Structure formats: C-alpha cells, structure tokens
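Engineer: Take this structure, written in structure tokens, and hold onto it; I'll ask about it next.
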Amino acid sequence: METPTTLQDWLAHCERLHPKGINGIEMGLDRVRAVAQRLNLKFACPVITVAGTNGKGSTCAMLESILGQAGYKTGVYTSPHLVHFEERMRLKGEAAPASKFVAALAEVERARTGNDGQNGSEIALTYFEFTTLAILLALSCEGLDVVILEVGLGGRLDAVNIIDTDCAVITSIDLDHMELLGNTREAIGFEKAGIMRTGRPVIVSDPVPPQSVLDRALEVGADLWRVGTDFNVSGDKQQWGWAGRGRRYSGLAYPALRGANQLVNASGVLAALTALREQLPVTAQAVRVGLALVELPGRFQIIPGQPTLVLDVAHNPHSVAALAANLDAMGFYPTTHAIFGAMADKDLAPMFAKVAPVMDRWYFTDLPSPRAASSADLQSQWTAQNTRKDASAQAFADPMQALRAAIAAADPADRIVVFGSFYTVGGVLQEGTPKLHAKHFQPQAT
C-alpha cells in the first residue's frame with residue numbers, strides 16, 4: 001500500500017482498516033492503550049475530560065473560551081464534526097490545520113504496524129480509535145497549558161479514557177446509544193462514570209444523577225462535586241450567580257450559547273475551574289468574557305435573517321425536549337418548518353411527541369451514513385403517530401434539498417428549524433453560516 005499523503009487519504013485508510021463491531025464500533029481499551037504505549041503518549045499539562053449524553057460539546061466550548069480569556073494555550077478534542085474533520089482538534093480556539101493531523105496519523109500508523117523500531121506485532125484499530133490517538137498525540141506535542149477532551153461514546157471504554165484526567169466532568173445523562181451502553185440511566189451512568197480517577201475531582205452537573213454515578217465516585221475515591229450540594233446556581237431574567245467551595249460569582253451575564261439548558265452546563269464549567277484553581281487560576285473577568293464570547297455551531301444556533309433559521313444537533317429525547325422548550329420560548333411564528341434526519345437506532349417516538357406542538361411542516365432527509373434512517377422511513381414513523389390534521393411532511397435526498405424546499409414554502413415571518421444528527425446540521429452548514437441566508441434565501445421586498 002502506498003503511504004497516504006493527504007488528510008482525506010489517511011481518513012479513507014482508517015475507514016478500511018477495522019470495520020468490525022456494532023456499526024464499526026468495537027468497545028475496549030486494550031488495543032488503543034497498547035498503541036499509545038508504543039507512542040509514549042502523555043500530557044505535561046492538566047487534562048479535563050468531559051462525558052455525558054448531552055451538553056458535552058457546550059461544556060468543552062465554555063471551558064475553552066474562559067481558559068483562553070485567562071491567557072492559557074488551550075487544546076480541545078471533540079467529536080463528531082459538523083462539516084470538516086479538522087473541527088475535531090482546536091488549538092487556541094481555532095480548528096487545527098490538516099498538516100497537524102497528517103503528521104500524527106503517520107506516527108500512529110508506524111506504531112500500530114510495529115514499524116516504529118519496537119518490532120511489535122500489528123494492532124488493529126477502529127476509525128475512531130486511530131483518529132483519536134492521532135489527535136491526542138498531536139495535542140501532546142503542542143506545548144499546551146490545558147487539554148480538554150470530549151468523550152465520544154460512554155466513558156469507561158471510550159478511547160479518550162486511556163488518558164488519566166485531572167478533572168472529570170459528567171453532564172446530563174439520558175437514554176442514547178442503548179445498544180452499546182445499556183437501556184437504563186443507571187447502566188449508562190456507570191459507563192459515563194468510568195472517566196473518574198482516584199483523588200481527582202469529578203463534577204456532576206446533572207441535577208438528578210443516576211445512583212451508579214454517585215456509587216462509582218465513592219468506590220474509586222474521587223472528589224465528588226454535585227450540583228445542589230457542592231455548588232449552586234441562582235439567578236433572574238437578567239443575570240445569574242454561582243457559589244461553591246470557597247468561591248462565588250455574582251452578576252454574571254448568561255452564556256452566549258442559547259437555551260435554558262446551557263446554564264446547567266455553565267454551572268459545571270465553573271465547578272471544574274474552581275476545582276482546578278491551584279493548577280489553572282482564572283479571574284472573574286476571564287469567566288465573564290469567556291461566557292459572553294463562547295461560540296459553538298449547531299447548539300440552538302440562530303442564523304440572522306428572514307425567515308428565522310435555527311440549527312440544533314438535538315438527536316435524542318432529552319435534547320429534543322430541551323429544543324422544544326427553547327423554541328417555545330422564542331415567541332410566536334406563523335409556521336415552523338422542521339428539517340430532520342437521524343440515525344436508524346434513535347428512539348424517534350418520544351422525539352416526535354416532544355416537538356409535535358411546535359412543528360407545522362416536516363422535511364425529512366436522507367443522510368450520507370449507512371447508519372442513518374431513510375427519509376421515507378422517518379416520514380412513515382412520523383405519519384404513524386401524527387395527530388395534527390394541519391401538519392404535513394415530505395421526504396428529500398439530502399439536507400440542502402430539504403432546506404431549499406422549506407425556504408421556497410416559508411414566509412418571511414416563519415421559522416425553519418434544522419435538527420437531528422450532526423450530518424443533518426452539517427449538511428446545511430457546508431456553505432458556511434454567513435452565506436446561508438445571503439446565498440440561499442430569497443431576498444425579501446422592502
């Protein structure tokens with residue numbers, strides 16, 4: 001085989017290597033840990049690991065923004081990406097260039113195949129394991145002050161968990177990926193709790209965490225921080241405050257990321273920063289500015305223009321319920337057009353039930369993934385439980401086709417909501433958010 005030279009060549013190589021397990025996913029850390037040892041992978045700075053069903057990406061973005069405002073050189077690993085693979089590694093707030101990935105992927109391949117001078121046997125890696133190792137290696141070579149790692153799936157057996165965290169954050173826990181993690185919150189909580197480490201802080205921002213999370217913290221001797229016990233949040237419509245373990249913030253503006261659920265995420269962020277204040281001190285000003293300037297595409301993101309365009313990667317019942325509440329709080333729109341695509345393993349019935357009152361016209365879309373449900377199947381499942389005589393649905397081949405159809409049907413005062421899989425939101429972001437209205441929306445007469 002010729003050695004890949006571009007990022008796309010390397011990603012194609014990773015996809016061909018090890019298509020085993022459930023949907024190409026194989027749980028377990030032995031193989032990835034063995035390659036990491038060959039790479040001598042380690043970090044010389046504090047590491048924060050973030051797990052949870054919903055809120056992981058937002059939590060990572062807020063940590064990154066505040067720590068960046070405090071003057072620290074930050075590195076972030078997050079997955080999946082919306083449009084470009086390079087989004088998965090951010091250095092000082094910016095997506096890393098493809099060259100950083102290419103060099104690291106080549107190093108992982110040398111270690112994996114035993115061509116690194118250690119004469120080991122070849123080790124199989126999944127696409128996720130291979131790319132995760134490469135990004136971890138690249139981050140370790142950047143001379144960073146702090147690294148923030150988002151868990152891809154679960155926690156205990158996720159490739160990220162080969163790194164011993166200095167502070168674990170566990171966000172909201174709900175039912176998702178049940179074929180891999182279990183079909184109860186207790187079982188899923190146990191998997192998320194696998195990122196805890198003895199003597200290290202673990203921040204639990206879920207207001208009602210599964211008992212399995214609390215039990216695991218006690219079992220491993222982690223320093224447990226619970227919302228409502230070790231830290232608290234208060235506020236009104238204009239501002240909010242946080243208090244916990246010898247630190248207090250008052251008069252804070254709400255995070256720039258929209259949605260009531262973001263306050264839960266922000267409270268966990270401030271707890272993590274308080275827990276790490278000896279290693280990573282931050283000023284109140286850094287907190288204020290960091291929360292005010294944080295950005296993260298696809299999390300209840302509103303694109304200015306007419307009609308109003310909302311993008312949200314809500315793709316399980318818990319996050320869709322939050323989306324429905326956030327949409328309801330936006331006020332009145334004559335018609336809301338919903339563009340939706342999702343993976344075939346999602347629990348669709350409660351998702352449709354949550355948003356049915358606020359969605360008037362549906363535009364279901366195929367997605368470029370073998371794991372995705374077809375637009376026809378989504379429409380069929382929606383039709384089977386639809387009780388609104390005034391609602392309608394259509395099926396489309398891709399998200400941009402669905403968006404164009406919604407634009408053609410919408411009045412200027414209407415609202416278009418693109419939600420579901422990262423592929424759905426990413427499918428309409430390929431042109432870039434500033435161009436969406438200018439390029440695709442019809443100009444309105446004045």
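Engineer: Go through segment 406-425 and give me each residue that's surrounded by 18 or more Cβ atoms within 10 Å (Cβ to Cβ) and either within 16 Å of V358 (Cα to Cα) or among the hydroxyl-bearing types (S, T, Y) (or both).
Structural biologist: A406, A410, D414, R415, I416, V417, V418, F419, G420, S421, Y423, T424
Engineer: Under the condition of being under 20 Å from A138 (Cβ atoms) and either hydrophobic (A, V, I, L, M, F, W, C) or open to solvent by 10 Å² or more (accessible area, probe 1.4 Å) (or both), which residue from segment 159-181 is modelled with the highest pLDDT? Give the derivation first.
Structural biologist: Taking segment 159-181 as the starting set, the residues that turn out to be under 20 Å from A138 (Cβ atoms) are 159-166.
Now drop any that are not either hydrophobic (A, V, I, L, M, F, W, C) or open to solvent by 10 Å² or more (accessible area, probe 1.4 Å) (or both), which leaves 159-164, 166.
Working: A159: 89, V160: 91, N161: 92, I162: 92, I163: 94, D164: 94, D166: 97.
Here the answer is D166.
Engineer: Just give me the residues in segment 216-228 being out of contact with any strand residue (DSSP E or B) (no Cβ under 9 Å at 6 or more places or on another chain) and open to solvent by 80 Å² or more (accessible area, probe 1.4 Å), in sequence order.
Structural biologist: Once the filter is applied, which keeps residues that are out of contact with any strand residue (DSSP E or B) (no Cβ under 9 Å at 6 or more places or on another chain) and open to solvent by 80 Å² or more (accessible area, probe 1.4 Å), segment 216-228 yields only E219.
Engineer: Could you figure out which of (1) surrounded by fewer than 21 Cβ atoms within 10 Å (Cβ to Cβ); (2) in contact with a Phe, Trp or Tyr (Cβ under 6 Å, 6 or more places away or on another chain) isn't true of I203?
Structural biologist: Only one criterion is unmet by I203, namely (1).
Engineer: Filter segment 238-266 down to residues that are in contact (Cβ under 8 Å) with a residue 40 or more places away in the chain and surrounded by fewer than 21 Cβ atoms within 10 Å (Cβ to Cβ) and give me whichever is farthest from G290 (Cα to Cα).
Structural biologist: Looking at the filtered set, the residue picked out is A260.
Engineer: Here's another thing I want to ask about it. What are the residues in segment 22-78 that are of a type in the set (V, I, T) and at pLDDT 90 or above, if any?
Structural biologist: V32, V35, V47, I48, T49, V50, T59, I66, T74, V76, T78
Engineer: Right, here's the next one. Within segment 268-282, work out how many residues are surrounded by 21 or more Cβ atoms within 10 Å (Cβ to Cβ) and either polar (S, T, N, Q) or not in a loop (DSSP other than H, G, I, E, B) (or both).
Structural biologist: Residues meeting the conditions: 8.
Engineer: Residues of segment 391-405 being in contact with a Gly (Cβ under 7 Å, 6 or more places away or on another chain) and buried (at least 24 other Cβ atoms within 10 Å of the Cβ), which ones?
Structural biologist: Initial filter on segment 391-405 (in contact with a Gly (Cβ under 7 Å, 6 or more places away or on another chain)): 398-400.
Within segment 391-405, just P399 meets the criteria.
Engineer: Right, here's the next one. Please find, within segment 343-371, the residue that is modelled with the lowest pLDDT out of those that are farther than 18 Å from A405 by Cβ and touching a Ser or Thr at 6+ places or on another chain (Cβ under 7 Å).
Structural biologist: M343
Engineer: Suppose we filter K42, K56 for residues that are of a type in the set (K, R) and farther than 17 Å from L296 by Cα; which single one remains?
Structural biologist: K42
Engineer: Kindly list, by first and then second residue, each pair from a residue in segment 275-294 that is touching a residue at least 12 places away in the same chain (Cβ under 8 Å) to a residue that is surrounded by fewer than 19 Cβ atoms within 10 Å (Cβ to Cβ) and hydrophobic (A, V, I, L, M, F, W, C), limited to pairs with Cβ atoms under 6 Å and residues at least 6 apart or on different chains.
Structural biologist: From residues that are touching a residue at least 12 places away in the same chain (Cβ under 8 Å), the pairs are A292/A253; A292/A256; V294/A256.
The values are calculated or read from the model by the stated rules, or taken from the named source; none is laboratory data. Since the model is a prediction, treat every value here as computed from it, not as a measurement. Methodologically, a virtual Cβ is constructed for each residue, glycine included, from the backbone with ideal geometry; neighbour enumeration extends over all protein chains shown. Each accessible area value is taken on the protein alone, full model and side chains, heavy atoms only, with ligands, DNA and RNA left out. Shrake-Rupley method; radii C 1.70, N 1.55, O 1.52, S 1.80 Å.
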